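What follows is a single structure, written as structure tokens, with notes after it.
The values are calculated or read from the model by the stated rules, or taken from the named source; none is laboratory data. Everything numeric here is computed off the predicted structure, so don't read it as measured data. In this analysis, Cβ positions are derived from the backbone assuming ideal geometry, glycine residues included, and neighbour counts consider all displayed protein chains.
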Amino acid sequence: MARASSKGERGSKSKAIRDALKANPSAKTSEIAEMLNKRGISVTAQYVSNMRTRMNKYGMGRRGRAVMTVDDLERIKSIAEESGGMKALYERINSLEELARRVGGVERLKLGLDRLNALRS
């Protein structure tokens, strides 16, 4: 596994790999490793592959999922408390999922809600 060099800051290799993967999402891991090695950043294709897997697993990959922050978790906690606890919140979420499934997906549900709000105005 690649180690952080004593010259660069901690995590600089990982950041370089993430930046390269974001800039070249369809490139092979060996191509990314070769490109970074030419720039003087010593990494293996296996390390690039591990980083790509972590990025996809934790939502930093091509799909653009957001990462949960402390503020997000606090907001969820307060919503759960207002809703009568986590069990009640799960029930509400499940009801919304069922409604979205019945109307053809989340996008169609959102579009329908937006149109209903426009009619109210």
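Exactly one residue out of E98, E82 is part of a helix (DSSP H, G or I) and either at pLDDT below 90 or surrounded by 12 or more Cβ atoms within 10 Å (Cβ to Cβ) (or both), and it is E82. When the criteria are applied in full, M60 meets the requirement of being at pLDDT below 85, surrounded by 15 or more Cβ atoms within 10 Å (Cβ to Cβ) and not small (G, A, S).
Considering only residues in region 1-50 that are touching a helix residue (DSSP H, G or I) at 6+ places or on another chain (Cβ under 7 Å), at pLDDT below 85 and among the small types (G, A, S), the one that is surrounded by the most Cβ atoms within 10 Å (Cβ to Cβ) turns out to be A2.
Under the condition of being touching a Leu at 6+ places or on another chain (Cβ under 7 Å) and outside any loop (DSSP other than H, G, I, E, B), the residues counted in region 18-50 number 2.
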